[in-house]
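Working notes for the structure below.
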Amino acid sequence: MSPHLDAQPDFGSLTEGYHRELLVHCYRILGSLEDAEDALQETLIKAWQQFDTLRSQAALRAWLYKIATNLSLNMLASRRVRAMPTAITQPADPHAPLQTPILESVWLEPLPDEYIAGVIASPEARYETKESVTLAFLAALQRLPARQRAVLILRDVLGWNIEEIGGILDQSAPAVNSALQRARATLKKHYDRWEQQVVHDDEREASVLARFVQAWETSDSASLVALLREDAILTMPPLPGWYRGRDSIREFLELRLFADKQYRVILTRANGCHALASYQREAGAPYRPGAILLLTFEQGQIVQLDDFLALDDQLFLRFNLPLSP
């Protein structure tokens, strides 16, 4: 143990306060909560093993970020780029058979809002905390080469300065600046910041949300699609198929989701958005976890439904949700 840290609390006490922010940092890089949990665990193991190399408690946060960032980058080398169905396939025909789920690790995963609760973005950041975990932002990030992704997150999301980023990535300031400019240019092509120009009406969104819940639980497709913008999108990872427009979504709901099942929901939040934990059952059977459904609003209308299907209980457990309503 370094003599500078002999009188300090133990490793667990010193690092516990950083667990959540490190997890979210790894999640932004990896696009997966499961992978981020693995990265955080490896970070803590490596930090514990090398704790005697830390010379100052003041340097602890940067040191942990360096370990977490580089571990995440190493993990990316052996993992596929994650995306949403809209980036992989064309809109599906609601009358066509459902496509086979892609069960490999190719999809972005939802993040419970509890992980970003109370986090305020640095004054140096370009993106607010909630914006930086939206599915749209994460999908754009995945288009960046790994190191550019890390540089952009460290600078424009977390507000680290160029010298600090160079220390984390063991790169010179000119190299960091070059990577940052390339990352920003690519992100600008693939990320529409429309939400930054929208004034959110919380009261109106709450009303729409209540009506959406009522329509979902009563399988009322007509009332549900009336809450959608005309060009709204419905995705359902791990199914690659997705649907665009009120008519297509309504037909899909009537033919597939609402045809033979009953639903109950619990309100939650994910990726900075309103979300529903949807439980489903067939006649006479108990309710079971069905999906985590994220709702993206624009000017009081729902513009995107991202329905992450629960193929097992793990998704609901990560959200600390009960397995029955």
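The values are calculated or read from the model by the stated rules, or taken from the named source; none is laboratory data. These numbers were taken from a predicted model, which means no experiment stands behind them. Here the Cβ positions follow ideal geometry from the backbone for every residue, glycine too, while neighbour counts run over all protein chains shown.
Check segment 122-129 and report whether any residue there is surrounded by 14 or more Cβ atoms within 10 Å (Cβ to Cβ), among the hydrophobic types (A, V, I, L, M, F, W, C), at pLDDT 95 or above and closer than 25 Å to GLU37 by Cβ. Yes, segment 122-129 contains a residue that is surrounded by 14 or more Cβ atoms within 10 Å (Cβ to Cβ), among the hydrophobic types (A, V, I, L, M, F, W, C), at pLDDT 95 or above and closer than 25 Å to GLU37 by Cβ. Considering SER132, SER122, SER72, the condition of being in a loop (DSSP other than H, G, I, E, B) and touching a helix residue (DSSP H, G or I) at 6+ places or on another chain (Cβ under 9 Å) is satisfied by SER122 alone. Is it the case that some residue within segment 58-68 is crowded, with 17+ Cβ neighbours inside 10 Å, assigned to a loop (DSSP other than H, G, I, E, B) and at pLDDT 90 or above? The answer is no, given that none of the residues of segment 58-68 is crowded, with 17+ Cβ neighbours inside 10 Å, assigned to a loop (DSSP other than H, G, I, E, B) and at pLDDT 90 or above. Checked against (1) of a type outside the set (Phe, Trp, Tyr); (2) within 20 Å of SER72 (Cβ to Cβ); (3) outside any loop (DSSP other than H, G, I, E, B), ASP231 passes all but condition (2). Quick one: is GLU164 over 28 Å from ASP306 (Cβ atoms) and touching a residue at least 40 places away in the same chain (Cβ under 8 Å)? Yes. The number of residues in segment 49-102 being small (Gly, Ala, Ser), over 16 Å from ALA146 (Cβ atoms) and either in the same structural domain as HIS25 (by TED's automatic domain parsing) or under 26 Å from the mean Cα position of the chain (by Cα) (or both) comes to 6. For GLU114, are the conditions met, namely being surrounded by fewer than 18 Cβ atoms within 10 Å (Cβ to Cβ), closer than 25 Å to GLY300 by Cα, at pLDDT 95 or above and in the same structural domain as ARG28 (by TED's automatic domain parsing)? Considered against the rule, which asks whether it is surrounded by fewer than 18 Cβ atoms within 10 Å (Cβ to Cβ), closer than 25 Å to GLY300 by Cα, at pLDDT 95 or above and in the same structural domain as ARG28 (by TED's automatic domain parsing), GLU114 comes out as yes.
Checked against (1) of a type outside the set (D, E, K, R); (2) exposed (fewer than 15 other Cβ atoms within 10 Å of the Cβ); (3) in a helix (DSSP H, G or I), THR89 passes all but a single condition, namely (3). Against the condition within 30 Å of GLY12 (Cα to Cα), touching a Phe, Trp or Tyr at 6+ places or on another chain (Cβ under 7 Å), modelled with pLDDT of 95 or more and of a type in the set (Gly, Ala, Ser), how does ALA92 come out, does it pass? No, not satisfied. Filtering segment 155-208 to residues that are hydroxyl-bearing (Ser, Thr, Tyr) and at pLDDT 95 or above leaves SER172, SER178, THR186, SER207.
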